[in-house]
Structures are given as C-alpha cells and as structure tokens.
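Participant: Sharing a structure here in structure tokens format.
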Amino acid sequence: MIKISPSILSCDYSKMGEEFKKMKHCGADWLHIDVMDGHFVPNITLGAPIVKCMRKHSDLVFDVHLMISNPLKYIPDFIRAGADVICFHVESDSPVEETIELIRSSGKIAALAVKPGTPVEKVFPYLDRLGMVLIMTVEPGFGGQSFMADMMPKITALRRECERRGLDMDIQVDGGISPETVETAAKAGANVLVAGSAIFGSDDPKETITLLRSKAAKYF
Ligand code: DX5
Ligand code: ZN
C-alpha cells in the first residue's frame, strides 16, 4: 500500500495549522516531521514541545524522523508529544535493540533509517522488530537536494530480504522524491514516499500528491 508523507521541513511553520489541514485535504496519508539536533546532522529544526503543539492541529499519522545523536534519551518525549511512527538512525549513538524495544513497548511503530553511505545490511538483524525501514536518498540535513538513484540497489536488496523472511515491511524513501523520481523508487520496492519541496513547492499540492501516488502504485 502506497503512503505519501509530505515532509513539513518545507512548510511554512508560521502557519502550521493551515498547512497540515491543507495536506490532509490534498490526500496526504502521513506527515513527515524532521527532527535535527545540529550534531548528528549540520542543521537544527525542532523538538518534542513543538510536536506536541502540532498534534493539536492534525489527526494524520505523525511520522517522526529523528536525525539526532541520542534518540534513546529523547524518544519518551516524542511519544508523549504524539508521535506515531518513530524512526531513528542505525548510525546514531544509541543501542539499536534497546531503542527499538522502547518504541515498541509504547505501542508505537519502530523504524530504522540508513544514510547513503551505510550498507542496508546493517538493519537486517532488526527487521523482525521493525515496521518500517527508511532508505535515505540524500545526505540527511536539508530539503531540496537531488535524488540519489544509486541507492536503489539497497531498496531492492531490502525488499528481497523482507520477502524471503515473509515480512510485510514498509520501505520509506526520503530525499529528492518528485513526480520525476518516484517511479524509480517505487519500482525498486519503496512504498512510503516522503516529499518536501516537491509537495510544498507545488502550485497544486493535491495534484502532486495524486501524481506521486498513481505513479508509485503501478509497481504494487
Ligand atoms: C532531509 C530530510 C527530508 C527532507 C526531504 O534530511 O530527512 O525529509 O525534508 O526534502 P525533499 O523532499 O525536498 O528532498
Ligand atoms: Zn526526513
């Protein structure tokens, strides 16, 4: 099943409520919330108190992408704030198994992300306990970068491994997804599509979301 998760990194944060309602009206399934700490990545965005405020303005699934060095320490705050899917990086400093268990024991969906330079096999030991894996198709830190098509073999290998184990895994792609690149990602096996600049920069976000979904759906 295809899910479209607009990255609110590209939204106008001064009118979040309106932006979120617009995304729901335009057919978004999830909202992708990028959390950056200025340490794991060279940029700073927002923390759990802001997510708590956001929660008042949307009933969409909050897909929280933690680009922070110590996710284990902050995940309880994000859970209390209303996160639904919690994705942290396998390259972070937190113990992976313990962090996954913390998310799962709170009844939330645990997801692991890999940066472009990290082999996808790093997540294989944890697949049975994950609801989603995020394959980054840009270096994390900023919106508006170019899609890295050379990440597709990682998606294909992951999809194959999940099928071999009989796991119904969501595979998310994040970075440079647009109507021009979405088919490449979906064909490789990605079914959860994050797009920031392509959606918020569009004159007609509803049309863009519909197009992303229909182009990806050809492969599922
Ligand atoms: C980058 C973030 C992305 C970003 C994607 O570090 O994880 O979610 O917002 O932006 P676009 O779709 O513009 O590449
Ligand atoms: Zn992201």
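Each row is one residue, and each column tells you yes or no for (1) among the hydrophobic types (A, V, I, L, M, F, W, C); (2) farther than 21 Å from Val41 by Cα.
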residue: Val120; (1), (2): yes, no
residue: Pro125; (1), (2): no, yes
residue: Leu130; (1), (2): yes, yes
residue: Gln145; (1), (2): no, no
residue: Met169; (1), (2): yes, yes
residue: Val182; (1), (2): yes, yes
residue: Ala188; (1), (2): yes, yes
residue: Phe200; (1), (2): yes, yes
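Participant: For Leu72, work out the one condition from (1) closer than 24 Å to Leu127 by Cβ; (2) away from ligand 1 (no atom under 15 Å from the Cβ); (3) out of contact with any helix residue (DSSP H, G or I) (no Cβ under 6 Å at 6 or more places or on another chain) it doesn't fulfil.
Facilitator: Leu72 satisfies all of (1) closer than 24 Å to Leu127 by Cβ; (2) away from ligand 1 (no atom under 15 Å from the Cβ); (3) out of contact with any helix residue (DSSP H, G or I) (no Cβ under 6 Å at 6 or more places or on another chain) except (3).
Participant: Right, next: So which residues in the range 46-67 are crowded, with 17+ Cβ neighbours inside 10 Å and either within 12 Å of ligand 1 (Cβ to nearest atom) or of a type in the set (D, E, K, R) (or both)?
Facilitator: Asp63, Val64, His65, Leu66, Met67
Participant: Checking Ile2 against (1) over 28 Å from Lys215 (Cα atoms); (2) out of contact with any Leu (no Cβ under 6 Å at 6 or more places or on another chain): exactly one of these is not met. Which one?
Facilitator: Only one criterion in (1) over 28 Å from Lys215 (Cα atoms); (2) out of contact with any Leu (no Cβ under 6 Å at 6 or more places or on another chain) is unmet by Ile2, namely (1).
Participant: Turning to a different aspect of this structure: Taking the range 158-178 only, how many residues are free of Cβ contacts under 8 Å to residues at least 40 places away in the same chain and either in contact with a strand residue (DSSP E or B) (Cβ under 7 Å, 6 or more places away or on another chain) or surrounded by fewer than 17 Cβ atoms within 10 Å (Cβ to Cβ) (or both)? So that I can check it myself, show each step before the final result.
Facilitator: Of the residues in the range 158-178, the ones free of Cβ contacts under 8 Å to residues at least 40 places away in the same chain are 158-166, 168, 171, 173, 175-176, 178.
From what is left, the residues that are either in contact with a strand residue (DSSP E or B) (Cβ under 7 Å, 6 or more places away or on another chain) or surrounded by fewer than 17 Cβ atoms within 10 Å (Cβ to Cβ) (or both) are 158-160, 163-166, 168, 171, 173, 175, 178.
Of the residues in that region, 12 qualify.
Participant: Are any residues in the range 183-215 farther than 15 Å from Cys26 by Cβ, in contact with a strand residue (DSSP E or B) (Cβ under 6 Å, 6 or more places away or on another chain) and part of a helix (DSSP H, G or I), and if so, which ones?
Facilitator: Matches in the range 183-215: Ala185 only.
Participant: For the range 37-74, what are the residues that are within 11 Å of ligand 2 (Cβ to nearest atom) and within 20 Å of Ile109 (Cα to Cα)?
Facilitator: Matches in the range 37-74: Asp63, Val64, His65, Leu66, Met67.
Participant: Can Ser146 be described as over 17 Å from Met1 (Cα atoms), within 15 Å of ligand 1 (Cβ to nearest atom), in contact with a helix residue (DSSP H, G or I) (Cβ under 8 Å, 6 or more places away or on another chain) and among the small types (Gly, Ala, Ser)? Write out each step before concluding.
Facilitator: On the way: over 17 Å from Met1 (Cα atoms): yes; within 15 Å of ligand 1 (Cβ to nearest atom): yes; in contact with a helix residue (DSSP H, G or I) (Cβ under 8 Å, 6 or more places away or on another chain): no; among the small types (Gly, Ala, Ser): yes.
For Ser146, the condition - over 17 Å from Met1 (Cα atoms), within 15 Å of ligand 1 (Cβ to nearest atom), in contact with a helix residue (DSSP H, G or I) (Cβ under 8 Å, 6 or more places away or on another chain) and among the small types (Gly, Ala, Ser) - is not met.
Participant: Also, quick follow-up: Look at the range 108-150 and say how many of its residues are assigned to a strand (DSSP E or B) and surrounded by fewer than 19 Cβ atoms within 10 Å (Cβ to Cβ). Quick ask: steps written out before the conclusion?
Facilitator: Start the filter on the range 108-150 by keeping residues that are assigned to a strand (DSSP E or B), which leaves 109-114, 132-136.
Right, trim to surrounded by fewer than 19 Cβ atoms within 10 Å (Cβ to Cβ) and you get 109.
Going through the range 108-150 one residue at a time, the tally reaches 1.
Participant: Still on this structure: Starting from residues that are more than 23 Å from Ile79 (Cβ to Cβ) and touching an Asp or Glu at 6+ places or on another chain (Cβ under 9 Å), keep the ones in the range 12-42 and report whichever is surrounded by the fewest Cβ atoms within 10 Å (Cβ to Cβ). Walk me through how you get there before you give the answer.
Facilitator: Step one: list which residues in the range 12-42 are more than 23 Å from Ile79 (Cβ to Cβ), which gives 12, 14-15, 18-19, 21-22, 25-27, 42.
Now restrict to residues that are touching an Asp or Glu at 6+ places or on another chain (Cβ under 9 Å): 12, 18-19, 26.
Numbers: Asp12: 10, Glu18: 12, Glu19: 21, Cys26: 18.
Per the stated criteria, the residue is Asp12.
Participant: Would you mind finding the one in Ser105, Ser94 that is farther than 20 Å from Val173 by Cβ, in contact with a strand residue (DSSP E or B) (Cβ under 9 Å, 6 or more places away or on another chain) and either of a type in the set (Asp, Glu) or surrounded by fewer than 23 Cβ atoms within 10 Å (Cβ to Cβ) (or both)?
Facilitator: Numbers: Ser105 fails: in contact with a strand residue (DSSP E or B) (Cβ under 9 Å, 6 or more places away or on another chain).
It is Ser94.
Participant: May I ask you to verify whether Ser178 is assigned to a loop (DSSP other than H, G, I, E, B) and either within 16 Å of ligand 2 (Cβ to nearest atom) or more than 19 Å from Ile33 (Cα to Cα) (or both)? Lay out the reasoning, then the answer.
Facilitator: On the way: assigned to a loop (DSSP other than H, G, I, E, B): yes; either within 16 Å of ligand 2 (Cβ to nearest atom) or more than 19 Å from Ile33 (Cα to Cα) (or both): yes.
So Ser178 fits the description; yes.
Participant: Do the conditions hold for Leu158, that is, is it in contact with a Cys (Cβ under 7 Å, 6 or more places away or on another chain) and either more than 12 Å from ligand 2 (Cβ to nearest atom) or closer than 29 Å to Gly201 by Cβ (or both)? I'd like the intermediate steps shown before the answer.
Facilitator: Numbers: in contact with a Cys (Cβ under 7 Å, 6 or more places away or on another chain): no; either more than 12 Å from ligand 2 (Cβ to nearest atom) or closer than 29 Å to Gly201 by Cβ (or both): yes.
In short, no.
FYI, it's all coordinate maths here, none of it is from the lab. Because the structure is a prediction, the values reported are computed rather than measured. Methodologically, a virtual Cβ is constructed for each residue, glycine included, from the backbone with ideal geometry; neighbour enumeration extends over all protein chains shown.
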